[in-house]
Structures are given as C-alpha cells and as structure tokens.
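The values are calculated or read from the model by the stated rules, or taken from the named source; none is laboratory data. From a predicted model like this one, the values you see are computed outputs, not experimental measurements. Methodologically, a virtual Cβ is constructed for each residue, glycine included, from the backbone with ideal geometry; neighbour enumeration extends over all protein chains shown. For the accessible areas, the whole protein counts, side chains as well, though only heavy atoms, and no ligand, DNA or RNA atoms are used. Shrake-Rupley method; radii C 1.70, N 1.55, O 1.52, S 1.80 Å.
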Amino acid sequence: AIGVDIDPKAEQVSLENAHSNGVASSFAIQSADSLGVKTFDVVVANILAFALVDLAAILRAHCEPDGVIVLSGILAHQADEVIAAYQQDFKLSQRLEGEWVVLSGHKIVSA
C-alpha cells in the first residue's frame, strides 16, 4: 500500500499505525508528485467532500480499469455533489452511517 498526504503529521501517524498493525513492511508514504501516472487496483480517499470533488480527475486517473474506489469524509448532504464528480467513470454505491456517507464502486471499463 502507498499512502499520500500533504500533512507530515498525518504521514507520521500513518507510519506508526502501519507498525502497530504489523503491516509496515507493506506500506510506504510517497508524495503525490512521485506517483506520476501509476495506477492502482484500489484507491481510497478519506478527505472532505470539496477536496474529493477537486481531486476527482487525479483519483480517477490513478484507479485501474475495473479497479475499486472508496471515498469517505462526506456528509450526507454533500453526497450528490461527490457522486456527480465520479459517476461518469464509476458504478458507485453509498452507505450511510449517521450523518456520514461512504461511496464505493468499480471503475467502468470501456468496450
């Protein structure tokens, strides 16, 4: 797994969590710039809705065809805006927990 964040404190906490959970040897932190055009089977983003919308093109580009995307950090009243930013490329489902929504789905493979 590769983690990307702009906050050095969040990066440090992620590394500590990886150590605590015994997965440190399978986890790395990289800068967004260093990812280049690399794609992944699973892309997970847990950030606020406005950032998910702003980063939609980037997150879509890093997800493999038929890959999975998971988006969280979305308040229920913001879900439609986030869905609109991703629905052209992903078949999404949503799950509501209290006032929070998580969106997940597979990237649509063009024929």
Give me the pairs, please: first residue somewhere in the range 33-47 and surrounded by 13 or more Cβ atoms within 10 Å (Cβ to Cβ), second residue anywhere and part of a loop (DSSP other than H, G, I, E, B) and not β-branched (Val, Ile, Thr), beta-carbon distance under 8 Å, and either six or more positions apart or on two chains. Leu35/His62; Thr39/His62; Phe40/His62; Val43/His62; Ala45/Leu55; Ile47/Leu55
What tally of residues in the range 59-68 results from selecting those that are surrounded by 13 or more Cβ atoms within 10 Å (Cβ to Cβ) and either in a strand (DSSP E or B) or of a type in the set (Val, Ile, Thr) (or both)? 4
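Of everything in the range 1-58, what is in a helix (DSSP H, G or I), closer than 27 Å to Glu81 by Cα and either among the charged types (D, E, K, R) or touching a Cys at 6+ places or on another chain (Cβ under 8 Å) (or both)? Give them in sequence order.
Asp33, Asp54
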Quick one: count up the residues across the range 69-111 that are in contact with an Asp or Glu (Cβ under 7 Å, 6 or more places away or on another chain), open to solvent by 60 Å² or more (accessible area, probe 1.4 Å) and not aliphatic (A, V, I, L, M). 1
